[in-house]
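Worksheet: one structure, shown below.
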Amino acid sequence: MDNNNDNNQIENANQNENENEMKNLEKKVTKNLIKDYSNLLNGNSFKDFSIFVENKSNPFEIKVHKSILSSRSPFFNESLRQESLSISLNQFNKKEMESILSYIYYGNISFENQENLIQLLEISIYFKLNLLKEIIQKKISNSINYSNFFQFLFQNRNLNSNEIEIKCFELINQNFSQIQNNENLFNLTKEEIIKFIQFKQEKKEIFQFDFFQFLNNWIEKRVKTLNLKKYEHKMNAKKRLFHSFFSLFDKDSISKQDFDKLKQFDIFPKSFLIHFERTIFEIQDQEKDKKIKENEKKIKRRDKRIKLFESENENQKQENEKKEKKIKSFESENQNLKQENQKKEKDIQNLKSENEKKIKSFESETQNLKQENQKKEKDIQNLKQENEKKDKIIKQKDEEIQNIKLSFEKEIQNQKEESKQNENKLLKIFSDSEIVKDKEYVKKLQEWINDNDFFSKMKKGFSAKNDGFNSQNWHKTVDDKGKTLVIIKTKDNFIFGGFTRVGWTNDKSKWSEERGNWGWIKDENAFIFSLRNDKGDRKPEQFTIKQGEEKYAIEYDLSDGPTFGEKKIKLFESETQNLKQENQKKEKENQNLKQENQNLKSEIQNQKEESNQKKEKKIKSFESENENQKQENQKKEKKIKLFESENQNLKQENQKKEKDIQNLKSENENQKQENEKKDKILKQKDEEIQNIKLSFEKEIQKEESKQNENKLLKIFSNSEIVKDKEYVKKLQEWINDNDFFSKMKKGFSAKNDGFNSQNWHKAVDDKGKTLVIIKTKDNFIFGGFTKVGWTNDKSKWSEEHDGGNYGYIKDENAFIFSLRNDKGDRIPEKFIIKQGKEEYAIEYDLKDGPTFGSDIYLNSELQSGQSYFGNSYNLPNGITYKTNEAKSYLAGSYNKWVVDELETYFI
C-alpha cells in the first residue's frame, strides 16, 4: 500500500508539472503570435494592398495584407471584394490609421487622452469594429467625471452612444444644484433636455424648483436667439417652447411646495397650473380652508366670552370695593344691619356645610383617582412583564436562527465531507485496478453513478486476468448482485463500460422479455460510458438509455459476458430531490418564524393602541373635572372670601392631581418608547430571518442552476447542433425556467424523424413551451423559444387567415436568438418580441415548419426558408430594418440558406 501511495504522489507531481509546462507553452504561443503579426505589419513581406491617408494631393501610403484586413474588419471585408490594389481613406491621418491597424493585426490599441478616445470611437464605428467599440465606450464611461462630462456629452451628439449619454445625465442629476447656472447647461439642445426629463422620470424622481427655474432661464435665452416675425410676440414663443415639454410632466413630477413657487412665473401656461391645482392640490386646500375658517370662528367666540367674563369680574370688584367703603363709614349708623348680618352668618354656615360636603366628595374622588393610578401602575407593570416575555421570545428566535444557521452549515459540511470520503474510498478501491488509474476517471464515475450507498459498500468482485476470461466464471461472481459497474480495456487502450442498478440474474420472472435460454432485463437508470480512446485525447462521456428502450437495457445469457442493449440514450433526473425537499422544509420553518414575529408585532401594536386610547380618555376626563373644579373654586372665591384658605388647599390638591396626571403621561411616553424599541428589535429579527431565507434561497438557486446546467449538458450531449457549453449556458439564462429544464427532452430531429413539416407538427403540436434550434450548411446556428407553443385549436389563435388554413398565435414571452455565424466569432444574442407585435409571435400552418413572425420561416420540406429579421422581433443595435444586413444576420442571407439539422425540444 505504501508503494502504491508513493506511486500516486509521483504521478500527481508529474501531472502538475505537465500542466504548468502546458500553461507556459500557451503563453509563449500567444506572445509569438503577437510578435509574428507585429512583424507582418511592420515588415514588407507578402503585402498585397495599399491604404492612402492624409492629404489627397500628397497622400501617405501604408502597405497591408488584404486577407488579414478582410477577415478582421467587416468594413474592409465589403470594401476589398472589388478587384483593386488600393483604397483612399484621406479623412484619417497616419497615426490614427497605424493605431487601428495595430489593433486589427494583433489586438493592441493605445488610449492616450480624452480626444484620443473619441477619435478611436469614431474610427471603430466607421470600420465596424464592434468589440473595439464596446471597449472604448466602457473606457469613456469610466473616465467621465464632474470636470469633463459636458465635453463628452457634446461630443456624443455625433456618436449617439446611449451608455455615454446616460452616464452624463447621471452626473448632471447628481450635481444639478451646483451647475444650474453653468453656461454649458444652457448649451443643451431641446432634444437633450427632453431625454434628461425622461431619464429622471424613469428613475421616478420629483423635479425640484431649481429645475423649472433652469427651464425658465433656458427658454428665455432660447427666445432671444429665435428669428421672430414682426407679428409674433416673445410670450407666445415662450409658451410654444414650454408646450413642447408640457406633455412630459404628470401629477407626480413636482411637489406642492415647488408648485407654489412656480406661480410667480408668467411663462407657464394657465392650463398647466389649473391641471395641477385640480388634480393634486385644489381639493386638499379647500378642506384645509374650511377647517381653518371654522377654527377661526370658534376662537372668536371664545375671545368674546373671555372678554365678557373679564368685564363682569372687573365690575364685581369695583362694586365690592364700594360696598366695603360704605360699610366702614356707616358702621355706627347701620345697627339694623346686624340682623341682616346674622342672617348672612346663617347663610355662611349653610355654605360651610355645603363646602364640607363638597370637600368630602372631592376627597372620595381623589381616593378613586389614587385607585385608578394604582391600576395604571399595575397595567404598566403588566406591560413591562409582557415586554420581558417578548424579550425572551426574541432571544428564542435568535437562538432558533442561530440553530438554523448551524444546522445548514453542518449539512453543507457533512455533504462536503461525505463527498471527500466517497472520493477517497473510490481512490482506494481503484488503487489496485489495472484499468482505472486516472483520478479524473474516478471523479467522472462518482458523478455519473451518484450513489453514496453503492460507493460505501462497493468492491472489485471480478477481474478477467485473475479470475479467468470465461463468461460462466463472470456470471457466478456477478449474478444477483444488484447494482453493478463494468469497466473494459482493449489492447488498443480504449476504456469503456456500463452501469446497471438492477444487475444480471437468471431469475426469468425478473426478465422483461424472454427468448428461451436468454432474455433482456429492464433498467430505466442503466447507462454506458467512454473514458478513453486509443490516443487519450477524448473527454470522458456518459450515454443514458433511450426513451422506450428501457426493457432492453441489459441482456442475460450464460454463454455471454456483460451485454448492454444496442440502443441510444435517454436522459434522467439526478437524485437531488431529497436536498430540495429539505431546503423546502427549511423555507417553511423560516416562514413560520416570520409569521410568529408578525403576530407578536401585531399583538404589541394592538396592546399599545388600546392602552394609549384608555389613558387618553382618562386624562381628558381628569382635565375636564379639573376645569370644572377650577370654575367652582372661582365662584366660591367671589361669593365667600372667608373660605379662601380652604379653596387654596383645594387648588394645591388639584395641582398634585395635575402632577400625577403629568407623571402618568410621562410613564405612558416611556412605555411608548419602550414599545417602539421592541418594534425595532422585532423588525431587525424579521430582517435577519429574511436575510437567512434569502441566503438559503440563493444556495438552493445555485444548486438548482448547477443541477439544471448538468441536466442540460446531458440533454444536449447527443445534439447534432449544440456542442458548445457556452451555448447551453446562454439558453439556460434566456429561458430561465427550471420546470421546463427538469422535464425537457428532444422531441424532434429532422435527420432522424424526416425533413417534413407534417412530421414536425405531429411531434410538436399542443406541447406548450417549445425550443427550436436550426443549423444551416454554412454553420449558422439560430432559433426561437415560445411559452405558448403551436396548436391547431383555432380558439387559441389571435388572428385567422385563408379560411382558417393558417393563423397567428399570441405570445408575449416569445423570443428568437443567434448562437453562431459562419465564422464562429459572433457573441450569442437574444431578441425579444417587439411591443405591439405580440399577436404575431408565431404562425401556425400545417404546410410550414416552425415560423416566428416573419423573422424565421421554414418551408414544408424543412430544408430552406426565409429570414425577414426585424419584422416582429427587435434587431441588434446598429442594424436597420429591411436592409441586407438585417435579412442576412441570422442565416447568412435572406432566402438562399439550406438547413443542415433542425432540433426541437419540449416537455
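The values are calculated or read from the model by the stated rules, or taken from the named source; none is laboratory data. Please read these numbers as outputs of a predicted model, since none were measured by experiment. Quick reminder, even Gly has a Cβ in these numbers, built from the backbone with ideal geometry, and neighbours come from all protein chains shown. When the accessible area is computed, the model is the full protein with side chains, heavy atoms only, and any ligands, DNA or RNA have been set aside. Shrake-Rupley method; radii C 1.70, N 1.55, O 1.52, S 1.80 Å.
A few points about this structure:
- Accessible surface of the range 788-887 [probe 1.4 Å, protein heavy atoms]: carbon and sulfur percent: 38 percent
- Extension gain (nm, one decimal) between residue 395 and residue 316, 0.36 nm per residue minus Cα-Cα: 21.5 nm
- With contacts taken as Cα pairs under 8 Å at a separation of at least 6 residues, the range 447-551 carries a relative contact order of 20 percent.
- DSSP-assigned coil residues among GluC sites (Glu not before Pro) in the range 102-168, each with at most 13 further Cβ atoms within 10 Å: 112
- Relative counts (whole %) of C-alpha pair distances in the range 406-448, using bins that are 5 Å wide: 5, 22, 26, 18, 11, 10, 6, 3, 1
- Length gained on full extension, residue 381 to residue 91: 95.6 nm, using 0.36 nm per residue less the C-alpha separation.
- Between the range 384-446 and the range 453-489, the Cα center-to-center distance that results, in Å: 32 Å
- For the range 85-153, the percent of C-alpha pairs falling in each 5 Å distance bin, counted from 0 to the bin holding the largest distance, reads 3, 14, 28, 24, 15, 9, 4, 1, 1, 0.
- Restriction of the chymotrypsin sites (Phe, Trp or Tyr not before Pro) in the range 445-547 to DSSP coil positions whose beta-carbon has at most 11 other beta-carbons within 10 angstrom yields 469.
- Subtracting the Cα-Cα distance of residue 734 and residue 79 from 0.36 nm times their residue separation leaves 232.2 nm of extension gain.
- Here the range 312-367 yields Rg over Rh of 1.19, to two decimals, using C-alpha coordinates and the Kirkwood radius.
- The residues of the range 814-883 have, on average, 44 Å² of accessible surface per residue, using a 1.4 Å probe with all protein chains present.
- Taking the centroid of alpha carbons for each part, the range 663-683 and the range 747-792 are 66 Å apart.
- Carbon + sulfur, % of accessible area of the range 694-749 - ligands and nucleic acids excluded, 1.4 Å: 40 percent
- All Cα-Cα distances of the range 633-756, cut into 10 Å bins from zero to the largest, leave 10, 18, 13, 9, 9, 8, 7, 7, 7, 6, 4, 2, 0 percent in each bin in turn.
- Loop-located chymotrypsin sites (Phe, Trp or Tyr not before Pro) in the range 34-105 (DSSP state other than H, G, I, E, B) with a sparse environment of at most 15 neighbouring Cβ atoms within 10 Å: 46.
- Remark: the range 42-108 carries 58 Å² of accessible area per residue (probe radius 1.4 Å; ligands, DNA and RNA excluded).
- Probe 1.4 Å, accessible area per residue of the range 117-206, Å²: 52 Å²
- Atom-type composition of the exposed protein surface of the range 151-202 places 38 percent of the accessible area on carbon and sulfur (1.4 angstrom probe).
- Charge tally for residue 870 (other residues, Cβ to Cβ under 11 Å; Lys, Arg +1; Asp, Glu -1): +2.
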